[in-house]
Amino acid sequence: MEERGASEEEIQRAIENGHARPAKFGRRIYGMTFPYGDYWREQFYEYKHIEVYGVDEGEDIIVVTIVVKYF
């Protein structure tokens, strides 16, 4: 999570308020774009998009991985 530049709060918001779509192997992708306006690895970006790949386990969601895209 830290290596990719996402906070726990952003991941939680993406799951709760982001766009959800089905993925392979019974997983779901929860995506959300956040205003960023900062530098990441020496380059400035206005936004970052977080995709959370998870598996629904009853009322819980097990996060498998996350992908962060800066633009």
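FYI, it's all coordinate maths here, none of it is from the lab. If you're wondering where the values come from, they're calculated on a predicted model, not measured in any experiment. Every residue, glycine among them, receives a Cβ derived from its backbone with ideal geometry; neighbour counts consider all protein chains shown.
A few remarks follow.
- Scope segment 5-30; condition among the acidic types (Asp, Glu) and touching a residue at least 12 places away in the same chain (Cβ under 8 Å); matching residues: 10
- Count of residues meeting criterion [within 18 Å of residue 1 (Cα to Cα) and not in a strand (DSSP E or B)] in segment 31-70: 1
- Filter result (over 10 Å from the mean Cα position of the chain (by Cα) and either among the basic types (Lys, Arg) or not in a strand (DSSP E or B) (or both)) within segment 12-30: 16, 17, 21, 23, 24, 25, 26, 27, 28
- Residue in segment 37-54 that is of a type in the set (Lys, Arg), touching a strand residue (DSSP E or B) at 6+ places or on another chain (Cβ under 6 Å) and under 11 Å from residue 68 (Cα atoms) present: yes
- Residue ID - farthest from the chain's Cα centre (by Cα), chosen from residues in segment 31-53 that are surrounded by 14 or more Cβ atoms within 10 Å (Cβ to Cβ) and in contact (Cβ under 8 Å) with a residue 24 or more places away in the chain: 45
- Unique match (being at positive phi, of a type outside the set (A, V, I, L, M) and out of contact with any Asp or Glu (no Cβ under 8 Å at 6 or more places or on another chain)) among 41, 27: 41
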